[in-house]
Ligand code: SF4
Ligand code: SF4
């Protein structure tokens, strides 16, 4: 039988060769995401500060800033389900929220860990995901290498299928496992040695789902808010008015 490149059979288990490419790919995604978030923050500051000062900004409002208000995405989802229309105020927030939820429904929790409400929600959705990290008990050597690297401190070496809401699908455990195919992202009830997602493939699937949802919203024209610049200008000037105090907040 032809053996896969980068693997070697030692004793009764097949040892894996060089580490998969998921680690550099993950670093790239993290750095790109960090850069985008910083740029959104700078752009938003350039937009909101002049408005608060009573001046007209030269920068446009970045729609991606709506991702910082998960509650807006949740309310927009409810509005979409009840009224059947996309929220005109925070469409980008809805797109990002649905992209993250769908991503987590397929490849388990893949976004956010950071006590965040987003993390808690996608963690719950991730429990329904068909693709999860699974351990092949038959080939596991019990070395505990997976548990040692898990940032969520999960006892991976004792679990058959990682369904914890704390798992972020980072795949550090998959990369650390020395036995080829022993720990992998798999659908349930599939012959373990036959079908499993390579770490990089699972990461690509997650990113592709998110980007597809956001792209679909953009193509459909549901990305820019319908709130006019003049209304933002007027509302931001009176942001500290008692009219905007939350009923349950300070008086
Ligand atoms: S993918 Fe593995 S290492 Fe990462 S959080 Fe989940 S169990 Fe832990
Ligand atoms: S690293 Fe792999 S072989 Fe070692 S305990 Fe974890 S699943 Fe088993």
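The values are calculated or read from the model by the stated rules, or taken from the named source; none is laboratory data. Just so it is clear, the structure is predicted and the values come from calculations on it, not from any experiment. Cβ atoms come from the backbone with ideal geometry, glycine included; neighbour counts cover every protein chain shown.
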Q: Might you let me know whether segment 56-77 holds any residue that is touching a strand residue (DSSP E or B) at 6+ places or on another chain (Cβ under 9 Å) and surrounded by 19 or more Cβ atoms within 10 Å (Cβ to Cβ)?
A: no
Q) Taking the stated definitions as given, is residue 225 over 23 Å from residue 26 (Cβ atoms) and within 15 Å of ligand 2 (Cβ to nearest atom)? A) no
Q) With respect to residue 211, is the statement that it is within 16 Å of ligand 2 (Cβ to nearest atom) and at pLDDT 85 or above true? A) no
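Based on what the data block shows, is residue 171 surrounded by fewer than 16 Cβ atoms within 10 Å (Cβ to Cβ) and within 16 Å of ligand 2 (Cβ to nearest atom)?
Working: surrounded by fewer than 16 Cβ atoms within 10 Å (Cβ to Cβ): no; within 16 Å of ligand 2 (Cβ to nearest atom): yes.
For residue 171, the condition - surrounded by fewer than 16 Cβ atoms within 10 Å (Cβ to Cβ) and within 16 Å of ligand 2 (Cβ to nearest atom) - is not met.
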Q: Considering (1) at pLDDT 80 or above; (2) on the phi < 0 side of the Ramachandran plot, say which one residue 246 fails and leave the rest.
A: (1)
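Quick one: would you say residue 93 is at pLDDT 90 or above, surrounded by 18 or more Cβ atoms within 10 Å (Cβ to Cβ), over 12 Å from the mean Cα position of the chain (by Cα) and over 25 Å from residue 167 (Cβ atoms)?
Numbers: at pLDDT 90 or above: yes; surrounded by 18 or more Cβ atoms within 10 Å (Cβ to Cβ): yes; over 12 Å from the mean Cα position of the chain (by Cα): yes; over 25 Å from residue 167 (Cβ atoms): yes.
Against the criterion (at pLDDT 90 or above, surrounded by 18 or more Cβ atoms within 10 Å (Cβ to Cβ), over 12 Å from the mean Cα position of the chain (by Cα) and over 25 Å from residue 167 (Cβ atoms)), residue 93 qualifies.
Table: residues versus (1) in contact with a helix residue (DSSP H, G or I) (Cβ under 8 Å, 6 or more places away or on another chain); (2) more than 29 Å from residue 239 (Cα to Cα).
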site	(1), (2)
51	yes, no
56	yes, no
66	yes, no
75	no, no
78	no, no
91	yes, no
94	yes, no
150	yes, yes
155	yes, yes
Q: Of the conditions (1) in a helix (DSSP H, G or I); (2) under 22 Å from the mean Cα position of the chain (by Cα); (3) at pLDDT 90 or above, residue 71 clears all except one; give me its number.
A: (3)
Q.
Take the conditions more than 16 Å from ligand 1 (Cβ to nearest atom), modelled with pLDDT of 90 or more and touching a strand residue (DSSP E or B) at 6+ places or on another chain (Cβ under 7 Å) and apply them to residue 225. Does it pass?
A. no
**Q.** Scope segment 164-191; condition within 19 Å of residue 106 (Cβ to Cβ), touching a helix residue (DSSP H, G or I) at 6+ places or on another chain (Cβ under 9 Å), in a loop (DSSP other than H, G, I, E, B) and more than 10 Å from ligand 1 (Cβ to nearest atom); matching residues
**A.** 165
Q. Is it true that residue 99 is buried (at least 18 other Cβ atoms within 10 Å of the Cβ) and either assigned to a loop (DSSP other than H, G, I, E, B) or in contact with a helix residue (DSSP H, G or I) (Cβ under 7 Å, 6 or more places away or on another chain) (or both)?
A. yes
Q: Hey, can you tell me all the residues within segment 125-151 that are closer than 18 Å to residue 166 by Cβ, modelled with pLDDT of 80 or more and more than 10 Å from ligand 2 (Cβ to nearest atom)?
A: 125, 127, 128, 129, 131, 132, 151
Q.
Any residue that is modelled with pLDDT under 90, within 16 Å of ligand 1 (Cβ to nearest atom), under 29 Å from residue 63 (Cα atoms) and surrounded by 18 or more Cβ atoms within 10 Å (Cβ to Cβ) - is there at least one of those in segment 197-204?
A. yes
